[in-house]
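To start, the structure itself, in structure tokens.
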Amino acid sequence: MEHITLLLAIVIVTALVFDFTNGFHDTANAMATTISTGALKPKTAVAMSAALNLVGAFLSVEVAKTISGGIINEDGLRTEVIFAALVGAILWNLLTWLVGLPSSSSHALFGGLIGAAVMSAGWSSVDGGTVVTKVLLPAVAAPVVAGLAALLATRLTYRIGGGIRNDAQEKATAKGYRAGQIASAGLVSLAHGTNDAQKTMGIITLALVTGGVLSPGSNPPVWVIVSAGLAIALGTYLGGWRIIRTMGSGLTELKPPQGFAAQTSAATVILASSHLGFSLSTTQSCSGAVMGAGLGRRGGVVRWSTATRMFVAWGLTLPAAGLVGAGAEFLTKQGTWGVAVVAVLLVAGSGAIWLLSRRKPVGHDDVAPTGEDAEPAGVITTAIAAVTPPPPAGAAAVAVAVAVAPAVDTTTDLKTTIPAQPGTVAADPARPATV
């Protein structure tokens, strides 16, 4: 640590800031469905997720090694390139958080890194084979695999529970699924710490290699692992409520069995990829699982307007972060004043996004959109509602009668006079009968 220069220290701090934004940006991956189904209260959910993210950071370093020694050629790489890459990733994370879209923090980091490296040393500085096999292919496969797994798991869950016949059984079953959902949410949080915290470890390790502190191919030092784990845990605890709202109820309406199936499927995919060294996006895995679970329930629908915006954000993440990273690297190549300008632009851009978010803040009480903020049902949902069978004739008649009946003033006694029938003698001729 005694060899760390001022520039290298700035890069390490910036990497931990990215790790922090990764935490609150991706909290929704683990806890959105748990919150939306009522299995956990919002603040309890994010506290649990933060603790498990910290634990997960210590489980593996395979993804960190992929980033620090696989995507970018370390030979001749300047420390300023890492700084420029982090600027692109942080600004993209904050922008997508502002609009509530669950984009990939991982791809923002990779895009910024690739863009800055290409601007610094050309395309030869990027290992195209590693990018394709360990970044692009997992990006396409992860949401598909997680979605199919969640769809099948949801259908199997409802098939097994098909014998439920009354409300008491349904409530008891729902409690069991909520307990399972809490466990699976913890597994996703653990997986997120294992996968995403390692990305920051890899970036810091790469910066230490470029600064001559570590030799190429080194594993992350213990202090790097601890600091990355703490940063992502703190960000997770603060909760990215805007994205939690989108993931929890903006994509589809989930019941406890669906939430359990979605989280279990996503956690399995993420943990398996982490141990294989595939740096996939936990956001894409969890989003795909949520959509699969939504389609797995009979009558379940996905709000494709929200999903489409999310797909567009996924596609733009790599190139957008890459362009910002390349622009930042162009400035840092100009010397010390260029690095200072990039730092000022990062602070100014982050501050501007934060001020915009204060115009319409979203907190833990706002994770379920209502009123004007609610996502429209969309074409598919509207079509399903249009073909819903009408109520029985008797029920319809009662509904009409209630609708057209005049309002009754309950503050006065309800009385009516019953006239005496011909040929009968009233008990009290001077007083009509009343009811």
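The values are calculated or read from the model by the stated rules, or taken from the named source; none is laboratory data. Note that the structure is predicted; figures quoted are calculated from it, not measured. Positions of Cβ are generated from backbone atoms using ideal geometry, with glycine treated the same way; all protein chains shown enter the neighbour counts. With ligands, DNA and RNA removed, areas are computed over all heavy atoms of the protein, side chains included. Shrake-Rupley method; radii C 1.70, N 1.55, O 1.52, S 1.80 Å.
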- Of the criteria (1) touching a residue at least 24 places away in the same chain (Cβ under 8 Å); (2) within 22 Å of residue 86 (Cβ to Cβ), which one residue 340 fails: (1)
- Would you confirm whether any residue within the range 307-322 is under 30 Å from residue 44 (Cα atoms), modelled with pLDDT under 85, open to solvent by 40 Å² or more (accessible area, probe 1.4 Å) and within 20 Å of the chain's Cα centre (by Cα)? yes
- Which condition number does residue 333 fail, the rest of (1) within 19 Å of the chain's Cα centre (by Cα); (2) surrounded by fewer than 20 Cβ atoms within 10 Å (Cβ to Cβ) being met? (1)
- Task: Look through 340, 348, 328 and report the one residue that is at pLDDT 85 or above, of a type outside the set (Phe, Trp, Tyr) and crowded, with 24+ Cβ neighbours inside 10 Å.
- Result: 328
- Query: Among the helices (runs of 4 or more DSSP H) contained in the range 30-107, which hold 3 or more residues that are of a type in the set (Phe, Trp, Tyr) and at pLDDT 80 or above?
  - Reply: 79-98
- How about the range 115-154: which of its residues are assigned to a strand (DSSP E or B) and either polar (S, T, N, Q) or within 20 Å of the chain's Cα centre (by Cα) (or both)? none
